[in-house]
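> Could you have a look at this structure, given as structure tokens, before my questions?
Throughout, read-outs are computed from the coordinates displayed, never taken from laboratory work. Predicted, not measured: the structure shown is a model, and the values here were computed from it. Cβ sites come from the backbone with ideal geometry, for glycine too, and all protein chains shown count toward neighbours.
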Amino acid sequence: ARLYKTGDLARYLDNGEIEYLGRIDRQVKIHGFRIELGEIETILNHHPAVKQAVVMLREDIPVNKRLVAYVVTQNQSTDRNDLRRFLQQKLPHYMIPSAFVILEALPLTPNGKVDRQALPAPDTIRPELEETFVAPQTNIEKQLAVIWAEVLGLENIGINDNFFGLGGDSILSLQVISKTKQTGLHLTPKQMFQYQTIAQLATVIGTTQKIQAEQEILTGALELVPIQHWFFAQEQPEPHHWNQAVLLESKHNIDPLVLEKIIKFLQIHHDVLRLRFIQEEFSTQALIVNPDDVIPLTCFDFSALSEDRQLPALEAAATKLQASLNLSQGPLFQVALFNLGDNQPNRLLWIIHHLAVDGVSWRILIEDFQTAYQQISQGKVIKLPPKTTSYKQWSSHLQKYAQSSALLSELDFWLTTQYQSVSSIPRDFLDGNNIEETTSIISVSLSVEETQSLLQQVPAAYQTQINDVLLTALILTFNQWTGENSLLIDLEGHGREEIFEDVDLSRTIGWFTTIFPVHLKLENAKEQGKVLKSIKEQLRAIPNRGIGYGLLRYLSQDKEIAQKFLLSKPEIAFNYLGQFDQVLPESSLFSFAQESSGSTKNLRSKRTHLLEINGGIYQGNLEMSWFYSNQLHRQTTIEVLAQRFIEELRSLIAHCQSPDVGGFTPSDFADFQQSQWDQTDLDAITAAMEDI
């Protein structure tokens, strides 16, 4: 007998028959898995509503590969989610198409075969959610849909789509609030979390009182907020040099005179850019000074240098500027314009001392800068949206709240958290330095498709937010490394919490960050769903997203309380910075440059933790950067940790995409005060509903 290799793909069924699946030469690779497209097509053709089906691997956006199913159905109204659920019952998650396109007929070549080149790209980048798409009808719904689309970078937002299910997070929700205010609508952060669809928001929007903020130039003394107290408590050897910086690439040549006008306007408009700090023996005084005629702008002309000499020259100039800020004399920011010649775009560098800026503030400042630049370029007068609550007012509110009984009720929670006994993390070298000069970085990332799944598919399984998933992956990673079932970390938050009814911070610049200890406990490490739900509930139990910890530690007038907080010193810091792709979309006048912006911190600065893990979404990819001291840990140690974290994250994504997982937790019913359900009750209810 002879065996011929035909290139056909088939499989034996349980009854002994051979089922033809397709051609082996239509095998593709995605997410690291080899997939036979014909197998997906065969199963899809078994759906009773399907007449014909073709599956393709498409790459309409560079590096963004995805499976797309083209289906001719008995009825054009066939539910795409029904097709998805049908496949999920029969195929692994990585073989499920990310988009389903319903066609009246498949395009054919002259010889009658399917013309795959003529199959259309999916006409929307809105993820296919369980919710049927319902277009906005009212003016308010339409305005909200436009704002959501802009902030999320998506199209065709339906009124029943969940903001967090579309990839939203707490930082993006602040951008939504800011943009709604510019249209005359008024939302609060609390409403964004309570009413997570446009349909729900439209019923409550505008019911909040418009908050009036001072619009004149503000000056005078400013009481330190907790994060500023934290900074000065570090006793850095060079506190003047502890900055944040953004290097932009301009799509047009920038006129230095125009740039001067904009900088002058911005430092008048944003009071915090005029901050000064006077350090005394036992305290630090902060004040906002009057605007002056000094414009902190430096122009560099490197056009005569060869390209290979321009990069070192730019970095050297940037590093020198980074070290030029002065806390007491000012200014606390510098701007530099780099001319690299007619054949290269200008570079624009913004340097601001961290005491005056944070991640959310950069988004506001960059947007204001672009608005002002466009207005001047068009011969218009600069006009920015009205100011919101000033940093000075925010500080004043915090000082009073720090002495309140409401805050005092959180004391036991925070003392219990910080007194948890945990082991130190392993070190490769016991006596090494932990200063900025020894810092090394290991970065790992998810693919664009994996990131989309994390943002848009994972939340629906257990009603999670991205930090729930990231921190679940983190504790699982450290459990494998240390064998410990608990982890004490410092968690960073944006800090703009809604604890005052008469405060609106949606357009306020300053350093609002909160840093607070979180003690994560790991139970049932091998059951991913239970771990994820447990970490979610532990994070939801933190009062007011952690803002109370710094208030009690640094602003309480009860010295005994302040003393009790001195013991807390987690060795790990974790910070998810949000999505940056919508900060400078394609239509912007600027994009983020690739060159170095110089050393943001003095090399003798003390590192505040043994490991710092920062994450963000850049160009569609989740990127996680692990900062460590190369005198305390070997590179290989951190590389293994970082890679293991990504593997745990991929495994959690795959788990949440499985058709038979999901469920609720007690915090999902926080507004239903009568509910006494615990996790066991909810799991039983969910199981009973599935049986029905």
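> Straight distance only, please: which aspartates and glutamates reach the Cα of Lys606 with their own Cα at less than 13 Å, same-chain residues fewer than 8 apart left out?
Glu235, Glu238, Glu436, Glu437
> Right, something else. Among Leu471, Ser404, Ser599, flag the residue with its Cα farthest along the positive direction of the charge dipole of the chain, charges on Cβ as +1 for Lys/Arg and -1 for Asp/Glu.
Ser599
> Straight-line reach from Lys264: which lysines have Cα under 20 Å away, leaving out those fewer than 8 places along the same chain?
Within the straight-line limit of under 20 Å, Lys264 reaches these lysines: Lys380, Lys383, Lys387.
> With every atom except the alpha carbons ignored, what do you get for Rg and Dmax of segment 139-204, in angstroms?
My reading of the Cα-based Rg and Dmax gives 10.1, 26 Å.
> Further question: Could you give the longest part of the chain that holds none of the chymotrypsin sites (Phe, Trp or Tyr not before Pro) found in DSSP loops with at most 13 neighbouring Cβ atoms within 10 Å?
5-281
> May I ask you to evaluate 6.51 cos²θ - 1.76 cosθ + 1.60, the Karplus curve with θ = phi - 60°, for each residue of segment 439-450 and list the ³J(HN,Hα) values in order in whole Hz, giving x for glycine and proline?
Karplus values, whole Hz, x for Gly and Pro: 5, 10, 10, 10, 10, 10, 8, 8, 6, 4, 5, 5.
> Let me make sure I get this right: for segment 220-391, a, b and c are the square roots of the gyration tensor eigenvalues over alpha carbons, sorted descending. Under 1.5 in a/c it's rounded, otherwise prolate if a/b > b/c, else oblate. Which is it?
It is oblate, given that a/c is not under 1.5 and a/b is not larger than b/c.
> Along segment 347-354, what does the Karplus equation 6.51 cos²θ - 1.76 cosθ + 1.60 (θ = phi - 60°) give for ³J(HN,Hα), rounded to whole Hz, x for Gly and Pro?
Karplus-based 3J(HN,Hα) across segment 347-354 equals 10, 10, 10, 10, 10, 9, 4, 4 Hz.
> What ranking of Thr600, Thr319, Thr109 emerges when the number of other C-beta atoms within 10 Å of each C-beta is taken as an exposure proxy, fewest first?
Ranking Thr600, Thr319, Thr109 by Cβ neighbours within 10 Å, fewest first, gives Thr109, Thr319, Thr600.
> OK, next. Between His241, Gln374, Thr389, whose Cα lies farthest towards the positive end of the dipole of segment 220-391 when Lys and Arg beta carbons carry +1 and Asp and Glu beta carbons carry -1, centred on the Cα centre?
After comparing all options, I get Gln374.
> Here is a follow-up. Is there a pair in Lys181/Lys521; Lys521/Lys564; Lys392/Lys559 whose C-alpha atoms are over 31 Å apart, and which pairs would that be?
In this structure, Lys181/Lys521 exceed 31 Å between Cα atoms.
> Rounded, prolate or oblate: which fits segment 373-425, taking a ≥ b ≥ c as square roots of the Cα gyration tensor eigenvalues, rounded meaning a/c under 1.5, else prolate when a/b beats b/c?
Oblate is the answer for segment 373-425, as a/c is 1.5 or above yet b/c matches or exceeds a/b.
> Which of the GluC sites (Glu not before Pro) found in segment 222-317 are loop residues per DSSP with 10 or fewer other Cβ atoms within 10 Å of their Cβ?
Glu235, Glu280, Glu281
> If you take every residue apart from Leu474 with its C-beta less than 12 Å away from the C-beta of Leu474, what net charge results, scoring Lys and Arg +1 and Asp and Glu -1?
Result for the local shell: -1.
> Over segment 380-463, what per residue volume does the convex hull of the Cα atoms give, in whole Å³?
Convex hull of Cα atoms, per residue: 392 Å³.
> Continuing with this model, one more query. Would you mind working out the magnitude of the charge dipole of the chain relative to its Cα centre, with +1 at each Lys and Arg C-beta and -1 at each Asp and Glu C-beta, to the nearest 20 Debye?
Its charge dipole is roughly 660 debye.
> Excluding same-chain residues fewer than 8 positions from Lys569, which aspartates and glutamates have a Cα within less than 13 Å of its Cα?
Cα-Cα hits under 13 Å: Asp490.
> Relative to the longest principal axis of the chain, what angle (0 to 90°, nearest 10) does the C-alpha long axis of helix 170-182 take?
Helix 170-182 and the main axis of the chain meet at about 70 degrees.
> Restricting to the chain, what percent of DSSP beta bridges are antiparallel, rounded to 5?
Close to 80 percent.
> Let me ask another. For segment 569-619, which trypsin sites (Lys or Arg not before Pro) pass both filters: DSSP loop (anything but H, G, I, E, B) and at most 13 other C-beta atoms within 10 Å?
Hits after loop and neighbour filter: Arg604.
> Which one, Pro189, Thr138, Pro331, projects farthest toward the positive side of the charge dipole computed for the chain from Cβ point charges (K/R +1, D/E -1)?
Pro331
> Under the rule of at least 5 residues apart or a separate chain, name every residue whose amide H is placed under 5 Å from the amide H of Leu222.
Counting only residues 5 or more places away or on other chains, the set is Ala286, Leu287, Ile288.
> Restricting to DSSP loop positions (anything but H, G, I, E, B) with no more than 16 other Cβ atoms inside 10 Å of their own Cβ, which trypsin sites (Lys or Arg not before Pro) remain in segment 87-119?
Those satisfying the criteria are Lys90, Lys113.
> So what are the ³J(HN,Hα) numbers for segment 249-255, from phi and the Karplus equation (6.51, -1.76, 1.60; θ = phi - 60°), rounded to whole Hz, Gly and Pro as x?
Working through the residues one at a time gives 10, 8, 7, 9, 5, 9, 7 Hz.
> Related question: If each of Thr416 and Asp660 carries a label point 7 Å out from its Cα toward its Cβ, how far apart are those two points in nm?
Reported label-point gap for Thr416 and Asp660 is 3.7 nm.
> Order of Cys656, Cys299 from fewest to most other C-beta atoms within 10 Å?
Fewest to most other Cβ atoms nearby, the residues stand as Cys299, Cys656.
> Give the shape of segment 467-598 as rounded, prolate or oblate, defined through the alpha-carbon gyration tensor: a ≥ b ≥ c are the square roots of its eigenvalues, a/c under 1.5 means rounded, and otherwise the shape is prolate if a/b is larger than b/c and oblate if not.
Taking the square roots of the gyration eigenvalues as a ≥ b ≥ c, segment 467-598 is oblate.
> Can you work out the FRET efficiency for the pair Ile18 and Ala121, with r the C-beta to C-beta distance and R0 = 56 Å, to the nearest 0.05?
The value I calculate is 0.95.
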